[in-house]
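Remarks on the structure that follows.
The values are calculated or read from the model by the stated rules, or taken from the named source; none is laboratory data. Source: prediction; values computed, not measured. Cβ atoms come from the backbone with ideal geometry, glycine included; neighbour counts cover every protein chain shown.
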Amino acid sequence: MSHKIGIIGGDGIGPEVINEGLKVIEAAGISLDLHNYDLGGSRYIKDGTILPDSILQEWRNLDALYLGAVGTPDVPPGVIERGLLLKMRFELDLYINLRPFVKEATEDSDAHNFTVIRENTEGTYAGEGGFLRKDTSHEVATQGSVNTRLGVERCIRFAFELAAERERKHLTLVHKTNVLTFSGDLWERTFNEVSREFPQIETDYNHVDAACIYMVQDPQRYDVIVTDNLFGDILTDLGGAVSGGIGLACSANLNPEKTAPSMFEPVHGSAPDIVGTGQANPTAAILSGALMLDFLGEREAAKRIEHACAQPSTQTGTTTEIGDAIATLVTT
């Protein structure tokens, strides 16, 4: 069976790491029907294109999207982020952002294995807000946070279902209920209500500032974390830092019902300063490819890729050498 995959290499090191991901997927024996899309900062600079509705319609016939990185220093902040990445999440209803963090034990630290489930289509990223008297000394800027019962509950329910599949069966809600007394209350009430359907799951709650401390000092305490869009964005970068670096951090933007293609991407940016130097670590992109295969039902191949990426021998060398080493292990 061949899976129809939309490839968005994007900007900077994006195409380099995606090429290594595709190499490893091919080595794992998985057939992909690739459809390439030239999108990102460079395309925007060239002709103003960000994400046409016609391409969105094409994507609805695909099984998944595989993205390298987007963004260039020449494009103002927010143009590509809102026009491409957030538009994808909203239009394709990619309401779950899943980011796993696995680190093997070392002489200095214990192993940890936790996953953050971030609500991906609401919160402060929904775009509610605006300016009043812009560019004057009396300027006002507002940025609201949108939280719906539907959005919150389906995210929390997904997190409980994931926790139920894992060995520890532990789920932590992270928010800021002592200050964000409206959105936090909705999240906490919904969490407690859904928890009654999962009596086998041990639950906990952390304020987000406390979670930042615990994630650094004691990441072993976590199994699955569920949180809102903004807190999840921040926590997952911290999760990458405590798990070996952002170059190892992968992610999935999921439409669990598969009414539209899900999108898989490394967490790192386009890193224009190291393009073509061979310094980009492709592991995050390769692991994102493994998440894609797992979501598409190719679980055995996904596990082989994850196992290969965990071997110390595959984490030294150039971009291509790391990809080759992982591909070799996956093949054998």
Taking Arg221 as the residue in question, decide whether it is surrounded by 15 or more Cβ atoms within 10 Å (Cβ to Cβ) and farther than 27 Å from Ala64 by Cβ. yes
Search segment 21-37 for residues being surrounded by fewer than 14 Cβ atoms within 10 Å (Cβ to Cβ) and free of Cβ contacts under 8 Å to residues at least 40 places away in the same chain, and hand back the single one that is nearest to His307 (Cα to Cα). Ser31
Failed item, numbered, when Gly245 is tested on (1) at pLDDT below 95; (2) surrounded by 15 or more Cβ atoms within 10 Å (Cβ to Cβ): (2)
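Does segment 1-15 contain at least one residue that is hydroxyl-bearing (Ser, Thr, Tyr), buried (at least 22 other Cβ atoms within 10 Å of the Cβ) and in the same structural domain as Ala327 (by TED's automatic domain parsing)?
Among the residues of segment 1-15, not one is hydroxyl-bearing (Ser, Thr, Tyr), buried (at least 22 other Cβ atoms within 10 Å of the Cβ) and in the same structural domain as Ala327 (by TED's automatic domain parsing), which makes the answer no.
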Among the residues of segment 257-311 satisfying the criterion of being part of a loop (DSSP other than H, G, I, E, B) and among the acidic types (Asp, Glu), which is surrounded by the most Cβ atoms within 10 Å (Cβ to Cβ)? Glu298
Determine if segment 163-186 includes at least one residue that is of a type in the set (A, V, I, L, M), touching a residue at least 60 places away in the same chain (Cβ under 8 Å) and over 17 Å from Phe231 (Cα atoms). yes
Restricted to segment 281-303, and to residues that are without any contact (Cβ under 8 Å) to a residue 60 or more places away in the chain and of a type in the set (Asp, Glu), which residue is nearest to Ala327 (Cα to Cα)? Glu300
Any idea how many residues of segment 226-242 are more than 13 Å from the chain's Cα centre (by Cα) and crowded, with 23+ Cβ neighbours inside 10 Å? 4
Just give me the residues in segment 312-332 being at pLDDT 95 or above, of a type in the set (Val, Ile, Thr) and assigned to a helix (DSSP H, G or I), in sequence order. Thr319, Thr320, Ile322, Ile326, Thr328, Val330
Just to be sure, is Arg89 more than 19 Å from the chain's Cα centre (by Cα), of a type outside the set (Val, Ile, Thr) and surrounded by 18 or more Cβ atoms within 10 Å (Cβ to Cβ)? no
Does Leu235 count as farther than 27 Å from His175 by Cα and touching a residue at least 24 places away in the same chain (Cβ under 8 Å)? no
For Ala64, are the conditions met, namely being small (Gly, Ala, Ser), over 26 Å from Pro256 (Cβ atoms) and surrounded by 15 or more Cβ atoms within 10 Å (Cβ to Cβ)? no
In segment 72-129, how many are without any contact (Cβ under 8 Å) to a residue 60 or more places away in the chain and part of a loop (DSSP other than H, G, I, E, B)? 12
